[in-house]
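> Structure below; questions to follow.
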Amino acid sequence: MSDRIHTLSGYFYEYQKSVTEPENFWARIADSFYWRKRWDKILKWNFEGPSVKWFVNAKLNITENIFEKNLFTNGDRTAIIWEPSEPGESARHITYAELYREVCRFSNVLLSKGIGKGDRVIIYMPMIPEAAVAMLACARIGAIHSVVFAGFSSTALSDRINDCEAKAILTSDGNFRGNKKIPVKAVVDEALEKSSVETVIVCRRTGQEVTMKPGRDFWWHELINGASEKHVAEEMDSEDPLFILYTSGSTGKPKGVVHTTGGYMVYTKYSFENVFQYAPGDVYWCTADIGWITGHSYIVYGPLLAGATTLMFEGVPTYPDAGRFWAVIEKHKVNQFYTAPTAIRALQAYGTDPIEPYNLDSLKVLGSVGEPINEEAWRWYYTHIGKSRCPIVDTWWQTETGGILVSPIAGITPTKPAFATLPLPGIQLAIVDAEGNELTGNSVEGNLCIKFPWPSMIRTTWGDHERCRQTYFASYKGMYFTGDGVKRDHDGYYRILGRVDDVINVSGHRMGTAEVENAINEHPLVIESAVVGYPHEIKGQGIYAYVICDMSHRTEENLINEIKETVSKIIGPIAKPDKIQIVPGLPKTRSGKIMRRILRKVAEGSLDNMGDTSTLLDPEVVEKIIAGRK
Ligand code: PRX
């Protein structure tokens, strides 16, 4: 663990090195990994293409760095602690040696089904250890995994299957949610009605009945039975894709963010060890779902590369009651706990009674991710969960960044509520104004960009490189644009202010307003819609939809419910609008552009100053919208 930062001056020293000599800096970090062939050059890049290559021509397999490199020393250590949804069911403790065997066996299963290097495999599974096995087995044979959050609908799933032309799907019969069994395989069946996927492998979890299509669908436990425990990992180039993860943007269609092998490996391990100050023997718990980037980088890859014990939780924070998180921390003596502001706010609403019965003394570090954490939630978390002795790491990053870019180093960087504080070594931030001029010095506010490549950054968007260029590299010349607004205060600390594009962040889930509008518009009686975010006490942002409809066939209430159902069916329940207002028209300029600024103001209830409405085609529509406000 020679790459560990131990002091604040050490952090500043490393940061300085990483900026003045980035190649030497990353070469030193990368040296502690196992490469089958070392790189010819550390970095080749330009942001115009964009074209970014780290550890050029190096050969490796990321799973060899989790297993073979360490098994002699850590084979008996627990890799995954799995806590089931039902508190009465036994937890599972899986050692590195056991996980290695399972990954090898499942690698052989995949190969036996004709799946190999470069093939895309969709993973649509609940939070069970087999989901991690599935990811690692894909990585081991060089197949590109694309995990789809198991809460997405069949339409959303089928869009992703088709976009990446998946060859296989790894799934389960069902998923436990509270005391309910949710169908999972049935959703896959629906998604596959219009697709040519050759193989579906189904892991049994809930025991609920499923339909198996002969020749296409196979049971995980049957295939794995008798599969060899020996498997030699496929040799991958440092820049071979490791996975695709779909995420929402400001256009209607989610894009497949592509991460590659070498750089992602180096950065996720480095950032994990440093941000959380993980020490051998600690139990680390990240409550995210593996369907999101946080689950990829900080449940699976980062912790396992670091030889950590990572806890995977199948359930929800409020089942069987609002004390569940705290019960799990006590039960497994969790040392680092990493969750989302939306979960903190939801639990805060239950007061401190649910915390009382539990001993949280094991906690050393608390983490937050996914959206800006408001000061009140930060203080509650700090006081009642961390008992005023655990540093909070407010980690800012994105699906595209692959790993945490701005965050305190736990216990080392002095924290400030609601501030992500300082960039990690290697991360060169820039704040720019609308014209793209960099704002230097402190006490400035603008758009957050990154000036220099880092190892785990997005390489392309699957099947559409131009879209990657347009979205991230075209707004400001020579820089990666994050889509976030940011402030650098008088101390040089960074505070993320939220998205400045048409992306909303609902309970830490990224949603494109255009994506939700497209789904709403699928309802046959909808003529047009406009969606904006508004401040929501628990979710951070809620979804407010203004909809023009043909009202001659339904009551307003029925129509609103039907629209919600339509969105749920097309994207998933997470995208259901919180409020739907039926409107006679939308505030449009003469050129037909919707003035979202006005819609946002109405949604958030700031009705006194609508700004200049003189360019509107029909200014009266604003009065009508205000009158019908939800
Ligand atoms: O707006 C920022 C917000 O979440 C966006 C990225 O979303 P996603 O790709 O789904 O990844 C979430 C998990 C890394 C960012 O553009 N965001 C994420 N973390 C923070 C945050 N906003 C403020 N503070 C954070 N710590």
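The values are calculated or read from the model by the stated rules, or taken from the named source; none is laboratory data. Because the structure is predicted, anything quoted here is derived from the model rather than measured. Here the Cβ positions follow ideal geometry from the backbone for every residue, glycine too, while neighbour counts run over all protein chains shown. Quick note on the areas: whole protein, heavy atoms, side chains included, nothing else; ligands and nucleic acids left out. Shrake-Rupley method; radii C 1.70, N 1.55, O 1.52, S 1.80 Å.
> If you take the residues in segment 478-513 that are assigned to a strand (DSSP E or B) and more than 30 Å from PRO573 (Cβ to Cβ), which one is farthest from the ligand (Cβ to nearest atom)?
Here is the first cut: in segment 478-513, the ones assigned to a strand (DSSP E or B) are 480-488, 494-499, 503-506, 509-512.
The next check asks that each one be more than 30 Å from PRO573 (Cβ to Cβ); those that pass are 480-481, 486-488, 494-495.
Values: TYR480: 12, PHE481: 11, VAL486: 9, LYS487: 12, ARG488: 14, TYR494: 9, ARG495: 8 Å.
So the residue we want is ARG488.
> Which of the numbered conditions does SER529 fail, given that it passes all the others? Conditions: (1) within 16 Å of the ligand (Cβ to nearest atom); (2) open to solvent by less than 30 Å² (accessible area, probe 1.4 Å).
(1)
> Output the number of residues of segment 26-45 satisfying the condition of being over 27 Å from the mean Cα position of the chain (by Cα) and open to solvent by less than 40 Å² (accessible area, probe 1.4 Å).
4
> For segment 549-601, how many residues meet the condition of being farther than 28 Å from PHE149 by Cβ, under 33 Å from the mean Cα position of the chain (by Cα) and surrounded by fewer than 17 Cβ atoms within 10 Å (Cβ to Cβ)?
2
> Are any residues in segment 337-354 open to solvent by less than 10 Å² (accessible area, probe 1.4 Å) and either of a type in the set (A, V, I, L, M, F, W, C) or away from the ligand (no atom under 16 Å from the Cβ) (or both), and if so, which ones? Even if it seems obvious, please write down each step before you answer.
The initial filter retains those residues of segment 337-354 that are open to solvent by less than 10 Å² (accessible area, probe 1.4 Å), namely 337-339, 341, 344, 347.
The answer is PHE337, ILE344, LEU347.
> Hey, could you check segment 355-372 for residues that are open to solvent by less than 40 Å² (accessible area, probe 1.4 Å) and away from the ligand (no atom under 13 Å from the Cβ) and say which is farthest from PRO320 (Cα to Cα)? Let's see the steps before the verdict.
At the first step, the residues of segment 355-372 found to be open to solvent by less than 40 Å² (accessible area, probe 1.4 Å) are 355, 360, 362-363, 365-371.
So of that shortlist, the ones also away from the ligand (no atom under 13 Å from the Cβ) come out as 355, 360, 362-363, 365.
On the way: ILE355: 14, LEU360: 19, SER362: 22, LEU363: 22, VAL365: 25 Å.
Among those residues, the one meeting the criterion is VAL365.
> Look at segment 94-146 and say how many of its residues are within 14 Å of TRP220 (Cα to Cα), part of a strand (DSSP E or B) and among the basic types (Lys, Arg).
Of the residues in that region, 0 qualify.
Okay, residues lined up against (1) surrounded by 20 or more Cβ atoms within 10 Å (Cβ to Cβ); (2) assigned by TED's automatic domain parsing to the domain that holds GLY256; (3) within 19 Å of ASP489 (Cβ to Cβ):
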residue: THR383; (1), (2), (3): no, yes, no
residue: GLU400; (1), (2), (3): yes, yes, no
residue: PRO414; (1), (2), (3): no, yes, yes
residue: GLY436; (1), (2), (3): no, yes, no
residue: PRO453; (1), (2), (3): yes, yes, no
residue: MET457; (1), (2), (3): yes, yes, no
residue: ARG467; (1), (2), (3): no, yes, no
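> Here is a further query. So is SER475 under 22 Å from ASP3 (Cα atoms) and either among the small types (Gly, Ala, Ser) or in a loop (DSSP other than H, G, I, E, B) (or both) or not? Full working, then the answer.
Working: under 22 Å from ASP3 (Cα atoms): no; either among the small types (Gly, Ala, Ser) or in a loop (DSSP other than H, G, I, E, B) (or both): yes.
Answer is no for this residue.
> Output the residues belonging to segment 431-452 that are of a type in the set (A, V, I, L, M, F, W, C) and over 15 Å from LEU497 (Cα atoms).
The initial filter retains those residues of segment 431-452 that are of a type in the set (A, V, I, L, M, F, W, C), namely 431-432, 434, 439, 444, 448-450, 452.
Scanning segment 431-452 gives ALA434, LEU439, ILE450, PHE452.
> Is it the case that some residue within segment 400-416 is assigned to a helix (DSSP H, G or I) and at pLDDT 95 or above? Lay out the reasoning, then the answer.
Residues of segment 400-416 that are assigned to a helix (DSSP H, G or I), as a first pass: 400-401.
Checking which are at pLDDT 95 or above leaves us with 400-401.
There is at least one residue in segment 400-416 that is assigned to a helix (DSSP H, G or I) and at pLDDT 95 or above.
> Consider THR383 against the criteria (1) free of Cβ contacts under 8 Å to residues at least 24 places away in the same chain; (2) hydroxyl-bearing (Ser, Thr, Tyr); (3) under 23 Å from TYR11 (Cα atoms): it satisfies all of them except one. Which criterion is unmet?
(3)
> Turning to a different aspect of this structure: Quick one: is ALA410 within 13 Å of the ligand (Cβ to nearest atom) and surrounded by fewer than 24 Cβ atoms within 10 Å (Cβ to Cβ)?
Numbers: within 13 Å of the ligand (Cβ to nearest atom): no; surrounded by fewer than 24 Cβ atoms within 10 Å (Cβ to Cβ): yes.
So ALA410 does not fit the description; no.
> How about segment 145-170: which of its residues are under 17 Å from GLY572 (Cβ atoms) and among the basic types (Lys, Arg)?
ARG160
> A follow-up question, please. Quick one: is MET127 in the same structural domain as PHE325 (by TED's automatic domain parsing) and farther than 18 Å from GLY207 by Cα? Write out each step before concluding.
Working: in the same structural domain as PHE325 (by TED's automatic domain parsing): yes; farther than 18 Å from GLY207 by Cα: no.
Taking the combined requirement at face value, the residue does not satisfy it.
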